[in-house]
Structure formats: structure tokens, C-alpha cells
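The values are calculated or read from the model by the stated rules, or taken from the named source; none is laboratory data. Predicted model, so just to flag it, every value in this text is computed and none were measured. All Cβ positions, even for glycine, are placed from backbone atoms using ideal geometry, and neighbour counts span all protein chains on display. These area figures cover heavy atoms from the full protein model, side chains too; ligands, DNA and RNA do not enter into them. Shrake-Rupley method; radii C 1.70, N 1.55, O 1.52, S 1.80 Å.
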Amino acid sequence: MPNYYQQQQHHHRSTPLLSSSTSSSSSSFTSKLLLLLTLLPLSLALLAFVLQWKGDSGLTDPANAASSTSRWAPHGSHLQNHEVFPGMEISSSSVSPKGQHFSQSDCLSLGRSGSPSFPYYRDWKLDFEINLKPKICVTTSTSAGLDQILPWMFYHKVIGVTTFFLFVEGKAASPDVSKVLESIPGVKVIYRTKELEEQQAKSRIWNETWLSSFFYKPCNYELFVKQSLNMEMAIVMARDAGMDWILHLDTDELIHPAGGREYSLRQLLLDVPGNVDMVIFPNYESSVERDDIKDPFSEVSMFKKNYDHLPKDTYFGMYKESTRGNPNYFLTYGNGKSVARIQDHLRPNGAHRWHNYMKTPNEIKLEEAAVLHYTYAKFSDLTSRRDRCGCKPTKEDVKRCFMLEFDRSAFIIASTATEEEMLNWYREHIVWGDKDIKMKLLRKGILTRIYSPMAIIQGLRESGVFSSVIASAQTTLSKKKFLASIDSSNSSRAAASQSLPSRKADNRSIEHQATARRVLNIEAIESHHEAAVPPLSRLE
């Protein structure tokens, strides 16, 4: 048996061999790792080169890319065949058919307009199929013209509203306007006739104390009563039409369905739990930056957020800068609007809310969606409000006409001041001309930029949808008159003049399209339109 000394010598001789073996194994592993790290990026680069080289044969055809946006087209609607929502389509100018290539001239159309362009069909009326769910209806009481009603209506059609109950009077009830509205699918026009007033005088809310306190007062109070009575009738019509939700909006308000998976009111309400009876949309108020705005829906992009969407310390900390000496945070109302689920015992609770005779509605308030209120967005709004009311321009008398302090002040100024004084007052109290204050409030989140409604409405206008609806309604009316005249004449005279109608109809069609452009002031808007101010960087 070896002694201790021999064992120690053997140990010292074997140790270097073990260390050498370990070092060699470690060196081999490191070499393999380096080789792998070198080959991996080379392999990925080679794969990318092969995919790029294969081109269209290995990748999805861009012409089929529109299928990825089919979720924006409501299930069952005719949009799934060849039309999609604004901004979601593949433009024919940017996608070439299979087997063809782009030419330099294909890019020229990109510079033809500074506004968004959407390839609508001119006669696109968004006539949704009956199985679209949920079915949403909007009711309004309006005296506006087509230049305001059509953009308002078709915008809401785009975001999912299927049916409109329009209670019209004034300009909206005139034959030229009402015939166009009646020609649009999903629109029900109700005139303020003596029969309607007699019917509403027998309604349930007419005899309720909460509404009777507004009776026999002019201007805003009278409008409030009419709106409430019209809303009560609209509930019955909505139930008969199979609607799921009902919303009351004025024609200077647009729903902004932010926060959903899609820019869609329909999708937003589809996700609402079944036990919710009412959805509250806080209102944002237009904050105009010029005194010469003609078309608020296309020219206003800045809005003051509702306090429900602001941190309390921000709202109270910036209150003075936000109001700029006006009576309240908002110029007009601040309690938003609500959408109600159609159900038994539903009733209006003023123009902004709904209620139920048998229970307290379960309501939720949306955290991002809002109703955009374009109030006093045009300088002419001062005089138009004045012209609708016959009150005396005194502090005491205007209380009979207007509920809100700012409306009272605006009425007095419009009734007593000169044009120049009115303009100065408008700039001081309504126009956001101070760049520093504006940028400060934008950074704090009190003011915000919203462009989606503007893009949709500009796209609808560019496509000719509005002018096409007007021309189509007028052509149809002319055809009806012409057919009636044919029926009243004898057959021989009708046969003798058979060659004339087509030329006359063509001439009428041209005249009607020209009339449509005049009604909507399209030519003036296209040539003189100034787009809304784009977002400014934080450094400016």
C-alpha cells in the first residue's frame, strides 16, 4: 500500500491534468456559443432577404388587406360587400390590380387635396340592414337647414345610428329641406302641426309638475318643453320600430365614441352590460380659435374637457384660466347627455336625461367617450339666438327667456351693441386667442384636440354624399311631378312628347346638383376652407 508521501505526490501530478481538461471543455463551449450568435443574425438576415425577394408571391396581396377592417363594417350591412367606414378602406389610387404595377402618376392623386379623401359612392345613404345590433335611434327637435342637419346626420350614421326621429319646424320644416330629409333611409320627419300639439297636450308628462313649471315662458324654456314632449313621443316610435337604445341630441352636438375597440357608438353600446339602463356621455365644449368660422364641424378641433374627465386638483387649480371671466366653467350646459335602453315605463327627464316610472335607472358614466357641443362656434350664433327670441334686452326680462347666465349676457350684447362691439365681445369671451393660456391648458389636459369627427365629415363632403342626397331628392320629386302630368294628359299627347322628358330630366338633374351645391355652400367651402389648427408641440 502506498504511503502518505506517495499519495500526496500522485495528487499533485493529477491536478494539472484535471484543470487542463476543464479549461478545454469551457473553451469549446464558448466557441460554440460565439458561433451560434454569429450564425443566428446571418440566418435572420438571409430569411428577410428571401421574403423580400419573393415579393407578392409570398405575402398577402394588399388588395385583400381590406378584409382586415371588415370588423368596422356592421355584420349584415351592405358595407361588407364593397364599402367600409371612413379611413378604413384601401384607396383605389394606392392599390393596383393583380398583375399590374404602380406608376409614378399613381402618386399624383395624393397631392390633390389637403383634406382626407374617402372613395364613397355619391349615392351612399348608409341604409343599414334591419338585423344590425344594437339598433340605435337619435331624436332631435330642430329648425336648422340642410347645411347643418346633413353632416350631423351622416356622421352619426357612420358611427352606427340606424334611425332618426326629426321633429322639425322653421327652416327644417320647409318643403325644400323636409323633402330631402324624408328621402333618406331611416329618417322619420315629424312636423309641428296643430294635431301634434293637441296630441302632446294629452300626454302623461304634460300634466306632471316637473314639466309644468317651465310652461308659458319663451325661448329656452319653450324649447325645453317641446324637447321633452317630443322625446316622450320618440320613445313610443322607437319601441314600435324595434330600437334598443335612444339618444336625444341637438344638431350642434356630435357623439365622440372614444375608448371603445372601434370608433363606433354601436360597438360602445354593444359592450354595455345588460343590467345597465342608461349611459352618460359627459359633454366637451367647443373652444374656437378664430372669429370667422363658417362650418364648425369641419373647422373646430379644440374642446374643453368636462370636469368628470379631469382630476379635481387640475379642475380647481386652473379654474380661473379656464373660465376667462365668464360666469361658469362652460359657456352653456355641463351635465352631458344620456343614452337610454328602450324598456317599459321609460320617460324623459328633461332634454339631457331619461328616467323610469317604476324604478331608479341603473346608469354608468363613460370615462373617455363624450358628446361634443359646438356652442357659439360661429359669430353669427349671437344674432341667430337673438332673432329667435322676443325678450327685452334687460337683466330682468332675459331671465324669462334663458336659463343660463351666459346666454342672457350674449342676448343683451347682441341686442344692444354695434357690430364692432359684438365682435370684440365675441373675441374676448369666446375665441381662444391667447396662445400662452391655450398651450398651458392643453398641457394640463383641460383643453384637448379631437380630429375624428372632422375627418369623417370632410370625407363625406368630399365624396359628394350631401350634394348627391339633395340632387337625388329633387330629381325624384321632379319625376313624380312629371309622371303626374303625364297621367293627367291623354295618351296621344303623352306619346307625342315622349322624346322630350329625357332631355328635360337631364337638365333638371344638372340644375338640382347646382342647387345642392348652393344649399350646402360646397364651392365656397372647398375654395376658402381653412382647416383646423393642427396639434402644436410642447416646445412652442
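The listed residues Tyr263, Tyr426 rank as Tyr263, Tyr426 when sorted by accessible area, largest first, using a 1.4 Å probe. The Cβ shell under 12 Å around Cys389 holds other residues with a net charge of +3, Lys and Arg each +1, Asp and Glu each -1. With both labels modelled 7 Å from their Cα along Cα-to-Cβ, the Phe214 to Lys179 distance reads 3.4 nm.
Sparsely packed loop sites in segment 252-323 (the trypsin sites (Lys or Arg not before Pro) outside DSSP H, G, I, E and B with at most 12 other Cβ atoms within 10 Å) comprise Arg261.
Round to the nearest 0.05 the FRET efficiency obtained for Trp206 and Asp292 when R0 = 60 Å and r is the Cβ-Cβ distance.
On the way: r = 43 Å, r/R0 = 0.72.
Computed FRET efficiency for Trp206 and Asp292: 0.90.
The calculated FRET efficiency for Thr38 paired with Arg261, based on their beta-carbon distance and R0 = 51 Å, is about 0.70. Once you reduce segment 391-446 and segment 135-166 to the center of their Cα atoms, the two points are 28 Å from each other.
For Arg408, Arg204, what's the largest-to-smallest order of accessible area, 1.4 Å probe? Write out the running numbers ahead of the final one.
Values: Arg408 40, Arg204 140 Å².
If we order Arg408, Arg204 from most to least accessible, we get Arg204, Arg408.
Determine the shape class of segment 310-435: with a ≥ b ≥ c the square roots of the Cα gyration tensor eigenvalues, call it rounded for a/c under 1.5, and otherwise prolate if a/b is greater than b/c, oblate otherwise. It is oblate, given that a/c is not under 1.5 and a/b is not larger than b/c.
Residue pairs exceeding 20 angstrom between C-alpha atoms, taken from Lys135/Lys179; Lys320/Lys444; Lys312/Lys435: Lys135/Lys179; Lys312/Lys435.
Measuring only protein heavy atoms, the 1.4 Å probe finds Trp210 accessible over about 60 Å².
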